[in-house]
Amino acid sequence: MLSGTVVGPRVRIGRDCRIGPQATVLHAAIGDRVIIHPGVRIGQDGFGYEMSPEGHRKVPQIGRVVIQDDVEIGANTTVDRGALGDTVIGEGTKIDNQVQIGHNVRIGRHCVIVSQVGLSGSSTLGDFVVIGGQAGVVPHVTIGDGAQIAGQSAVRDDLAPGGRYGGAPARPAREWMKEMTVLKKIAQERLSGQGRPAGGEDEGNG
């Protein structure tokens with residue numbers, strides 16, 4: 001551990017781990033050979049509130065973060081503790097910089113999560129899932145084993161194992177790419193027709 005790193009009481013850290021400067025680790029159980037880069041925040045309260053006539057009432061967050069062996073977490077990523085159960089990051093998963101992982105998220109083994117992804121509370125990823133940069137996943141969604149999700153996609157529904165998905169909302173990649181091709185063609189046709197005179201006649205013809 002380096003300068004400015006904080007490890008809270010009752011945190012368990014396995015063997016051969018590396019924790020960078022200015023990282024914070026609270027309410028967590030960490031396996032062996034885990035790498036935590038500078039500025040990572042692990043185990044803080046998740047974003048949980050109940051509406052009431054008096055305003056927003058905070059829901060107690062009493063779970064942990066469980067990080068299994070051989071996980072790597074990039075700089076300035078945040079991993080919230082569970083509300084009742086645990087937030088779990090599976091063995092061998094690699095997480096890029098500036099990723100937000102909400103409370104009670106469960107990430108399987110050997111997943112790859114690229115920068116600026118947001119995983120909302122209680123979402124679940126199977127094993128070997130890949131999520132491209134700036135994608136978002138809504139609460140309580142399940143993504144099946146081996147699914148691949150393109151960057152900037154919005155996952156609003158459960159996704160089947162092994163598929164490739166993209167778009168907002170995320171859908172099968174072939175369908176998404178066909179839609180993008182059609183939209184591009186329509187846009188080009190409309191733009192190319194903007195300079196034509198009304199009625200389709202050439203200028204200068206009387």
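Miscellaneous remarks
- Of all residues making up the stretch 124-134, the number that are free of Cβ contacts under 8 Å to residues at least 24 places away in the same chain and part of a loop (DSSP other than H, G, I, E, B): 4
- Filter result (in a strand (DSSP E or B) and within 15 Å of residue 108 (Cα to Cα)) within the stretch 150-175: 159
The rows are residues; the columns are (1) of a type outside the set (S, T, N, Q); (2) surrounded by fewer than 18 Cβ atoms within 10 Å (Cβ to Cβ); (3) touching a Phe, Trp or Tyr at 6+ places or on another chain (Cβ under 7 Å); (4) more than 23 Å from residue 13 (Cβ to Cβ).
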| position | (1), (2), (3), (4) |
| --- | --- |
| 45 | yes, yes, no, no |
| 53 | yes, yes, no, yes |
| 68 | no, no, no, no |
| 79 | yes, no, no, no |
| 84 | yes, yes, no, yes |
| 94 | yes, yes, no, no |
| 140 | yes, yes, no, yes |
| 147 | yes, no, yes, yes |
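- Meets criteria (part of a loop (DSSP other than H, G, I, E, B), in contact with a Ser or Thr (Cβ under 8 Å, 6 or more places away or on another chain) and either closer than 21 Å to residue 122 by Cα or modelled with pLDDT of 95 or more (or both)) for residue 60: no
- Scanning the stretch 149-169 for residues that are surrounded by 18 or more Cβ atoms within 10 Å (Cβ to Cβ) and within 29 Å of residue 43 (Cβ to Cβ) yields a count of 4.
- Any hit, the stretch 139-148, residues being among the charged types (D, E, K, R), modelled with pLDDT of 95 or more, over 11 Å from the mean Cα position of the chain (by Cα) and assigned to a strand (DSSP E or B): no
The values are calculated or read from the model by the stated rules, or taken from the named source; none is laboratory data. Keep in mind the model is a prediction, meaning the values are calculated, not measured. For neighbour counting, all protein chains shown are included, and Cβ atoms are generated from backbone atoms with ideal geometry for every residue, glycine included.
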